[in-house]
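The numbers here are math on the coordinates, done by the rules we state, and not lab data. Computed from a predicted structure; not experimentally measured. Note that we place each Cβ from the backbone using ideal geometry, even for glycine, and neighbour counts take in every protein chain shown.
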Amino acid sequence: MQPIEFFFRAATRTPNAVAVITPDRRVTFAELASQVMNLAAYLKAEDPRPQTRVCVGCKNSVEHLIAILAVVAAGKTWVALNPRNGDPELQRIVEYIEPGAMLVDEAMAARVKAPGVTTYMLDGPASDTVFRHAGNHAARFTRTYLPLDATTAIKFTGGTSGIPKGVMQPYRGWNANIVSQRHAYNFTPKDRYLVNAPLTHGASTYILPILGSGGAFVFPEDTKPAALLHAIAEHEVTTFFSPPTMVTMLVEAARTANVRTPSLRNVIYGGAPMRPARIREAQEAFGPVIAGTYGQTEAPQIITNLSSADLMLEENLASSGKPSLFTDVGIMDDAGNLLPAGEQGEIVVRGDLVMTGYFNMPDKTAETIVDGWLHTGDLGVFDGRGHLFLRDRLREVIITGGFNVYPSDVETVLSQHPAIAECAIVGIPDDHWGEAVHAAVEAKPGMTLDPNEVIAFVKGQLGSVKTPKVVHVFETMPKSAVGKVLKTGIKEAILKRV
């Protein structure tokens with residue numbers, strides 16, 4: 001079965017039900033399906049080849065949602081362009097992926113260049129948008145059936161030395177995610193999902209589980225915490241996914257805002273662990289509705305999960321839950337042996353949820369998927385009840401506010417600064433972000449460094465998410481006997497400063 005069929009079947013079952021809610025309009029399933037088929041048929045007419053890569057770059061909007069669904073319905077491969085990334089990174093992704101077409105809003109069109117690639121506008125003057133050109137193509141729409149290992153989406157998780165790393169998510173992976181989400185959280189036609197996180201990331205993994213269940217997507221007017229609380233109350237939102245940082249911000253807003261949110265049923269945190277004390281605070285604010293999920297782009301969203309009932313039990317507060325419906329999870333030692341409960345090792349995953357590999361990186365793929373097991377780079381342990389507990393990361397990736405930041409990406413940019421001799425990026429525990437990106441820098445002889453200027457330098461290249469929250473200037477960086485920068489020493493020194 002093709003993932004898009006979950007949506008089309010829901011549209012057939014309940015054509016007049018509301019599928020999308022915005023501050024100024026409501027879109028029924030029949031209307032949404034018609035717009036998706038119009039655009040999908042148009043994309044296929046323009047380029048009949050299946051699996052051509054289509055970049056979609058846009059702020060959260062109904063148009064963005066339609067574009068994603070249409071690309072998938074057309075049998076193309078969706079490539080997500082995150083507006084929060086820096087311009088150079090977005091440009092590298094576009095050049096690396098060599099798209100067959102681009103669907104972008106005006107803001108994204110101004111940031112990336114793709115000479116020779118057909119670019120369609122998702123906003124701007126009505127006469128110039130792709131929806132105007134697509135017209136009434138729905139009658140020409142035909143299903144595209146592809147093997148379950150065909151690539152639905154390519155999502156980028158960062159790269160080394162400026163080389164992007166694109167995760168190829170297959171049809172079978174999306175199907176596994178859809179069914180596992182619906183099984184874990186019991187989505188129904190009454191569900192209303194608040195789009196408070198970027199559609200390029202975790203929020204996209206809920207599109208087909210929610211719409212396929214007959215539920216609706218709610219686009220708020222504003223993503224400030226107080227405004228989100230009002231949107232939840234006004235539209236009777238039942239579900240949303242968020243990194244722990246946003247959940248905490250909503251809890252803080254709820255303490256002063258006179259807003260009741262009795263409709264909430266699943267407040268799902270993920271992207272980073274959430275401290276037990278923060279979970280209890282969220283339960284006090286919103287009731288027994290907090291749920292958890294653990295996943296990676298390579299095995300999207302739901303490797304394991306915790307229900308809201310699970311999280312009411314004290315022994316589960318530090319857990320990442322149990323394996324999801326179609327996914328095997330194990331703990332492996334360095335020799336490749338699976339370990340019993342109680343022994344710590346690397347978390348490995350296999351099953352339909354797992355990616356097919358990294359785009360154009362066979363060596364990296366072979367390092368990551370060994371004998372069918374995806375090596376997550378996370379350390380963990382199972383208890384005797386089958387609950388997974390995260391311990392640490394083998395890889396250096398920093399998870400800040402639910403986003404992955406690879407130190408090497410930031411260090412590559414820092415090393416280009418004319419006054420920096422040595423640099424290192426580390427993650428520092430932070431009550432707000434979970435982990436905050438901190439930079440340690442050492443100036444070249446005779447030169448000085450202004451932390452604020454260094455921050456601005458990085459932000460111009462990588463965008464705000466990957467930019468260090470704090471820059472620490474060291475007279476001499478901690479180094480080993482052979483002159484290698486010691487990140488453990490840097491973290492210890494920074495922790496004494498903060």
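What to note about this one:
- Treating each Cα of the stretch 195-268 as an identical point scatterer and summing with the Debye formula, the log10 of I(q)/I(0) at q = 0.11, 0.16, 0.20 Å⁻¹ comes to -0.25, -0.54, -0.85.
- Calculated FRET value between T22 and R84, using beta carbons and R₀ = 22 Å, to 0.05: 0.55
- Distance between the C-alpha centres of the stretch 1-61 and the stretch 306-376: 32 Å, rounded to the whole angstrom.
- Less than 5 angstrom separates the built amide H of L374 from those of V349, R350, all sequence-distant by 5 or more or on a different chain.
- Loop sites in the stretch 427-498: trypsin sites (Lys or Arg not before Pro), DSSP, at most 11 other Cβ within 10 Å: K484
- Distance (nanometres) between label positions extended 7 Å along Cα→Cβ at Y145 and R275: 5.4
- The stretch 280-383: chymotrypsin sites (Phe, Trp or Tyr not before Pro) in DSSP loop, at most 16 other beta carbons within 10 Å: none
- Rounded to the nearest 20 debye, dipole of the chain from Cβ charges on Lys, Arg, Asp, Glu: 820
- Nearest 10 degrees, 0 to 90: helix 451-462 Cα axis against the chain principal axis: 40
- Restricting attention to the stretch 4-382, close to 50% of DSSP beta bridges with both partner residues there are antiparallel.
- Compactness of the chain, expressed as Rg and Dmax over alpha-carbon positions, Å: 22.7, 72
- Fraction of beta bridges assigned by DSSP in the stretch 398-497 that are antiparallel (%, nearest 5): 75
- Sparse-neighbour loop sites [trypsin sites (Lys or Arg not before Pro); the stretch 1-71; at most 10 other C-beta within 10 Å; DSSP]: R25
- Whole-angstrom gap from the stretch 163-226 to the stretch 435-471, using each part's C-alpha centre: 34
- Acute angle (nearest 10 degrees) that the helix 87-97 long axis makes with the longest principal axis of the chain, alpha-carbon atoms: 60
- Overall form of the stretch 169-318 per C-alpha gyration tensor (a/c, 1.5; a/b vs b/c): oblate
- Net length available on complete extension from E314 to E5 is 107.3 nm, with 0.36 nm assigned per residue and the Cα-Cα distance removed.
- Here the 3J(HN,Hα) profile of the stretch 125-130, calculated from phi with Karplus coefficients 6.51, -1.76 and 1.60 at θ = phi - 60°, is x, 4, 6, 9, 6, 5 Hz, Gly and Pro shown as x.
- Dimensionless Rg over Rh [the stretch 114-240; C-alpha; Kirkwood]: 1.01
- When each of the peptides 266-272, 120-126 is scored by how many other beta carbons lie within 10 Å of its residues on average, the order from highest to lowest is 266-272, 120-126.
- Helix-only CD estimate at 222 nm, as mean residue ellipticity for the chain, using -39500 (n - 2.57) per DSSP H run (n ≥ 4): -9000 deg cm²/dmol
- Crossing angle, helix 29-46 versus the chain [Cα axis fit, 0-90 degrees, rounded to tens]: 80
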